[in-house]
1. Ignoring solvent entirely, what values of log10 I(q)/I(0) come out of the Debye formula for the range 92-170 at 0.15, 0.17 Å⁻¹ when each Cα is a single scatterer?
2. Can you give the Rg to Rh ratio of the range 131-208, both from alpha-carbon atoms, with Rh computed by the Kirkwood formula?
3. Over the alpha carbons of the range 39-83, what is the largest minus smallest coordinate on each principal axis, giving the biggest first in Å?
4. What whole number of Å gives the distance from the Cα centroid of the range 161-208 to the Cα centroid of the range 40-54?
5. Would you mind telling me which residue in Ala72, Ala171, Ala134 has the biggest mean-square fluctuation in a Gaussian network model of the chain, where springs connect alpha carbons within a distance under 10 angstrom?
6. Compute the semi-axes of the equivalent ellipsoid of the chain, taking the square root of 5 times each eigenvalue of the Cα gyration tensor, and list them largest first in whole Å.
7. Net charge near Met83, counting Lys/Arg +1 and Asp/Glu -1 over other residues with Cβ under 10 Å of its Cβ?
8. What number, in percent, do you get for the relative contact order of the chain if the mean sequence gap of Cα pairs under 8 Å and at least 6 apart is divided by its residue count?
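The values are calculated or read from the model by the stated rules, or taken from the named source; none is laboratory data. What you see is a predicted model, and the numbers here were worked out from it, not measured in a lab. Note that each Cβ is placed from the backbone with ideal geometry, even for glycine, and that neighbours are counted across all protein chains shown. Surface accessibility is based on the protein's heavy atoms, side chains included, excluding ligands, DNA and RNA. Shrake-Rupley method; radii C 1.70, N 1.55, O 1.52, S 1.80 Å.
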Amino acid sequence: MSLKVVNHPLIQHKLTIMRQTETGSKDFRQLLDEISLLLGYEVTRDLPVKDVIIETPMCEMTGKALAGKKLAIVPILRAGLGMVNGLVDLIPAAKVGHIGLYRDHDTHKPVFYYCKLPEDIENRIVIVCDPMLATGGSASDAINMLKEKGCASIKLMCLVAAPEGVAKIEADHPDVDIFTAALDEKLNEDAYIVPGLGDAGDRIFGTK
Ligand code: PRP
Ligand code: URA
């Protein structure tokens, strides 16, 4: 497993605005779109390319084109939905699956409620996205589901990660690389990330 903290200045600047209590849903969503695109650039950095011979208006040349497996984007509902637009802007041909999990308020364990994936998901590179990697339970369960469907190439993209969540993914899924905009300090007693940004789903959808 590798952990890549993508600390590009634009990402840091946008994330700082997102973290602030006074930032409302409209700006929060817009900034998450923008950061997701920027993170997606790093997540896709090692995609294989092949030579293709093309004609420019001037001459023939050998260009590069994506080769190998196609991509799928799999947000963990709800908050993962906020990362889909930015990724789809970057990878318009990607298919999108959905995994529904919510964290039980008392146990902090993920509870499953929905799964709909592209039929050929096992043949695709899968980018699992969820802004918050807290205990890591939700992401780990989502990755388990994808592996049960035969997926062998999975990357995890999040916005803010806690050390506890990174450690869980490392232990459960050493083959999965994690990309995050920030690695925060710790979890609090309610398993929320500190300093974090609060409840990502509520902030995206304005439900609190
Ligand atoms: C949040 C977040 C992750 C999960 C992270 O979702 O979007 O899915 O918690 O916590 P974990 O790493 O400890 O599992 P939540 O359960 O609040 O659901 P929501 O996205 O529908 O708001
Ligand atoms: N889910 C969130 O939305 N935020 C956290 O800090 C932890 C879990």
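1. -0.52, -0.66
2. So for the range 131-208, dividing Rg by the Kirkwood Rh gives 0.99.
3. Result, largest extent first: 49, 20, 15 Å.
4. 29 Å
5. Ala171
6. 30, 20, 15
7. For residues surrounding Met83, the net value is -2.
8. Relative CO of the chain lands at 24 percent.
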